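The values are calculated or read from the model by the stated rules, or taken from the named source; none is laboratory data. Keep in mind it's a predicted model, so treat the numbers as computed, not measured. Note that we place each Cβ from the backbone using ideal geometry, even for glycine, and neighbour counts take in every protein chain shown.
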Amino acid sequence: MNKDTEIDMEEVKLNELDPEKQPMTGDGQAAGGEKNGSVKLKVPEDEVAFTGLSKEELMKVAGTPGWVRTRWVLLVLFWLGWVGMLAGAIVIIVQAPRCKPIPEMNWWNEGPIYQISDLEAFSGGMEGVEAKLDDMSQLKVKALVLGPFHTVQADQPSSLNLKEINPTFGSKQTLEALMGKAHKKGISVVLDLTPNFLGTNPWFGINDDEIIEKVQAAAVYWLNLGVDGIKVSDLSFASELANWSKLREAVQGNRTEQTRPRALMGVVENISAPEVSQLVNSSGVDLVLSDLLSSKNEGVERIRDMDTLHSQQRSMAWGLGASNRAHLSKQASGLIRLYQLLLFTMPGTPVFTYGDEIGLEAEGAESPKMVWDVEKEPSKEAAEGNRTEHAAVRKWFRSLSDLRGKERSLLHGDYYSLYSSPSSLAFLRLWDQSDRYITAVNWGDKAETLKLSLKPTEGVELPETAKVKSSTDENLVEESSISLDSLTLGPGQAVLLLFPFMS
């Protein structure tokens, strides 16, 4: 066997031992003279990648006249656009209506004041009041007026002790605990220090400097304990006492921007609106609660009183029966929701006696026992109707209180009278660029059509229509639009209308 034959045999053996080297088709060589199973790679020629211009080349190009002109054009366009936007912003700011500055507001202007004259009837004493503070917070109450609950015998000045709490109602410790929890909830606490609250005359009917000095000393004592304000009755008499200015100084002194102001609150009865206005200035009190709404039964008189006092609204408090700590039900004649709407939208601070939020019925001279958990199932079937009504009235009260706290027009807005008659009235509340509100009430026993109008000199215009915000009249559905040219209210009905600010 020759040498070539041996080499061929070796290749055959290797091919049999290594199957991976067998050709893919097994039929001879592939085209091009290449053996099967072989891959011919074509290596590309070297490619030249573009790496951009060098610094020297860029500087050379940037200096050409074309690029210089382009840069200047872009720079000029940028600054022209910037100046144009600045000028546009200035024009918008100058032409936009300026916001009216918010008047100075204190805590006694921010929401309803809630009087609890009989703590035992309300919730079994001070501890019970503390337990019910969550309910007060839900009503958006901003202040509680507690008492009077000091020790005194009717018409006996010598028995007066304004620093001692009647143990029937609580103690100094329970009062401190009550105030601590109330303050955490943003509720202020005012004490009624009317000296002879059990007798025939609030000040014993005597012009005695010793009495006012006792009130002053008690005011200092309780204010140092954390009380937020002092209330007294018969302000007309008290403010004429020789030492009245000392009581004022004790309550209102040392006011700074860093300290929470203490309030001096006075009650007046049986005087006219002009006299109330004069007393606000002469007495220097922070808040005057009058009986004007209770003593005046006609819409013409009530509108006239609001016309007189609206400019002093941050010093005015309104209530129906609240001036003598009576319940709303005694004078509302079944129109609880009507008067709640009226009080919450009048220019001033609304004042209620405990139970007014549910329409609690007061009978006789005794304080009615407060009804709680009105939204739960009644324990007796006979009470179901009353409890359902209590729950509905409370819901209405809460909605009005919440609305007043949110809307600037109702909180501190301007007031304009629109209509009045013996049994009805209507007025407008507005503030700057906020929504406007119209209150219309008819406490008469017949339906009445109210012709709403503004004096031409007022500088304010009424729209043709307004939307119903809240209503007790089933014919005035909430969110519906009604014409202001002829507003008809059913007997004993009230409505709150809304229309937006129009520039």
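The residues in the range 285-331 that are outside any helix (DSSP H, G or I), farther than 23 Å from Asp473 by Cα and of a type in the set (A, V, I, L, M, F, W, C) can be counted, and the count is 8. When Leu139, Leu133, Leu146 are checked against the criterion of being under 23 Å from Trp203 (Cα atoms) and at pLDDT 95 or above, Leu146 stands alone in meeting it. Among the conditions (1) within 30 Å of Leu264 (Cα to Cα); (2) under 28 Å from the mean Cα position of the chain (by Cα), Pro167 misses just one, which is (2). Right, Thr174: more than 30 Å from Thr345 (Cβ to Cβ) and either under 20 Å from the mean Cα position of the chain (by Cα) or modelled with pLDDT under 95 (or both) or not? No, not satisfied.
Lys142 - would you say it is surrounded by fewer than 16 Cβ atoms within 10 Å (Cβ to Cβ) and of a type outside the set (Asp, Glu)? Step through it out loud before you land on a result.
Numbers: surrounded by fewer than 16 Cβ atoms within 10 Å (Cβ to Cβ): no; of a type outside the set (Asp, Glu): yes.
So Lys142 does not fit the description; no.
With respect to the conditions (1) charged (D, E, K, R); (2) more than 26 Å from Phe344 (Cβ to Cβ); (3) outside the structural domain of Leu191 (by TED's automatic domain parsing), Glu104 falls short on a single one, namely (2). Candidates are the residues of the range 466-477 that are surrounded by fewer than 17 Cβ atoms within 10 Å (Cβ to Cβ) and within 26 Å of the chain's Cα centre (by Cα); the one that is nearest to Ala494 (Cα to Cα) is Val477.
Looking at the range 180-283, what helices (runs of 4 or more DSSP H) fall wholly within it and have at least 3 residues that are of a type in the set (Asp, Glu)?
209-225
Take Glu448 and tell me if it is surrounded by 17 or more Cβ atoms within 10 Å (Cβ to Cβ), of a type in the set (D, E, K, R) and farther than 21 Å from Asn109 by Cα.
Yes, satisfied.
Based on this model, can you work out whether Ser486 counts as out of contact with any helix residue (DSSP H, G or I) (no Cβ under 8 Å at 6 or more places or on another chain) and among the small types (Gly, Ala, Ser)? So Ser486 passes the test.
Look at the range 280-300: where a residue is without any contact (Cβ under 8 Å) to a residue 12 or more places away in the chain and a partner is of a type outside the set (Asp, Glu), sitting 6+ places away or on another chain with Cβ atoms under 7 Å, you get Lys296/Arg302.
Looking across Gly355, Gly359, Gly334, Gly364, one residue alone is part of a loop (DSSP other than H, G, I, E, B), in contact with a Pro (Cβ under 8 Å, 6 or more places away or on another chain) and outside the structural domain of Trp431 (by TED's automatic domain parsing). It is Gly355.
Yes or no, residue by residue, for (1) in contact with an Asp or Glu (Cβ under 7 Å, 6 or more places away or on another chain); (2) free of Cβ contacts under 8 Å to residues at least 40 places away in the same chain; (3) assigned by TED's automatic domain parsing to the domain that holds Leu133; (4) among the basic types (Lys, Arg):
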position	(1), (2), (3), (4)
Phe169	yes, no, yes, no
Ala182	no, no, yes, no
Phe204	yes, no, yes, no
Asn207	no, yes, yes, no
